Amino acid sequence: MPQKARSLTIFGSTGSIGTQTLQVFADSKTCHSSSEIELYGIVANRSIYTLVEQVRQYRPSVVGVADAALYRDLKVLLGNYRVEIVAGEEIYDLARQSDLVMNAVTGFSGVPVTEAALTSGGLLANANKESIVAAGDLIEPWRQKGGGELIPVDSEHSAIFQVLGSSELARQSVRQLVITASGGPFRTLPQEELETVTVKEALEHPTWQMGPKNTIDSSTLANKGLEVIEAHYLFDMPYDQIEVVVHPQSVVHSMVEYSDGTVLAQLSMPDMKLPISLALNYPQRSLTPYGAMDWKENLTLEFIPPDHARFPALKIAYGAGKLGSGGTCWFNASNEVAVEALISGEIAWKDIAKLLELSMDRYENCNISTVGDVISVDRRAREVARGVVEEIS
């Protein structure tokens, strides 16, 4: 008998990962796919005109907008399409009703998507690292409650996930996880020039095409700090066994080192459609060779220790991790405030690390055992970080 198609809902469909997920979905329809997927829903925050174009092109059954005030506008725009429209809190029902959920939301707002998908027993393809960082201690209880499964989409965590696999040998005697970093656009910039870099320059990533928040995080190495915290929660690994190494070519996406000195790595050209396709097709692989290597070309791979003096955000993130889930939630909120303040022109790029340091210095010790705790800690951290923004500006 043919296998029943799995229903897919994409949260954050208008962003970088969301649009690439739709491309991977479309590719699966035009070639022999290793698994059958039907597009159930697409959801965006406010980008309703892009949503309309995606409805026209991909024909989902349901379309959602997080901003409930845009419901009527979206309904008018979609008047000629036979599609159900939901808004506000109703969007999370799509996560509960889908076999497969892509969480491509940016920032803390991805937390309820992660909760809804895992507690409903679906397969969560997670590209929203902030939900893991902010609600780390709740991820496993959510999985156990609903029987959901989480497949990481960040290229670094997808690499570790692939290396560890399901075999007993792969998971025995892990000495450390090694997460690679491109180094961002300012890796070789002279120290004195870091004082005057602009938002535009911070948004020019040398190897990856990402949304503005992730691109700026990459420029400060805060993204690697978030990924270290995410790896801690996803793979149950102590922080002192998670290493970061700068790898400008972005070909080795992460490595696992074992007690006997063996290092296993996942390599591919930098293309986010590869980890996306892995998550959508899991437990099989896509038949489309995203990120395929050209072994006829000369290839040099560099690995360089990160410069904590130039990019202190990474070290601050390690410190936040040692404080527990309250500390990681606080760090994530502070970093989101810092990025927003940079984009709005309230602070300079060089002030991001200062803001993170001052915010973490004012951390109010707190435990996280419920979603309410996560929301409370996040809110308080943002208040403190906004106060720091006013001091700096």
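Overview of results
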{"item": "Highest-MSF residue in the chain out of T106, T14, T50 [GNM, Cα springs under 10 Å]", "result": "T50"}
{"item": "Unsatisfied cross-links (Cα-Cα over 26 Å) in the set K29/K296; K75/K213; K29/K145; K200/K224", "result": "K29/K296; K75/K213; K29/K145"}
{"item": "Dipole-positive endmost among T188, G15, H247 within the chain (Cβ charges, Cα centre)", "result": "G15"}
{"item": "Cα gyration tensor of segment 6-152 - equivalent ellipsoid semi-axes, whole Å, descending", "result": "24, 18, 13"}
{"item": "Which of R382, R82 has the fewest Cβ neighbours within 10 Å, and the rest in rising order", "result": "R82, R382"}
{"item": "Top of G15, G211, G122 by mean-square fluctuation, Gaussian network on the chain, Cα under 10 Å", "result": "G211"}
{"item": "Fewest-first sequence of S155, S13, S369 by Cβ atoms within 10 Å of each Cβ", "result": "S369, S155, S13"}
{"item": "Relative counts (whole %) of C-alpha pair distances in the chain, using bins that are 10 Å wide", "result": "5, 23, 33, 27, 11, 1, 0"}
{"item": "Among beta bridges that DSSP assigns inside the chain, antiparallel share in %, nearest 5", "result": "25 percent"}
{"item": "Unit charges at the beta carbon, dipole of the chain: most positive-side option, Q144, L323, S61", "result": "S61"}
{"item": "For the chain: relative contact order, % (alpha-carbon pairs under 8 angstrom, 6 or more apart)", "result": "15 percent"}
{"item": "Net dipole in debye of the chain [+1 Lys, Arg Cβ; -1 Asp, Glu Cβ; about Cα centre; nearest 20]", "result": "980 debye"}
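All of the numbers you see were taken from the coordinates with simple rules; none came from a lab. This is a predicted model, so every value here is computed, not measured. Using ideal geometry, Cβ is built from the backbone for each residue, glycine included, and neighbour counts are taken over all protein chains shown.
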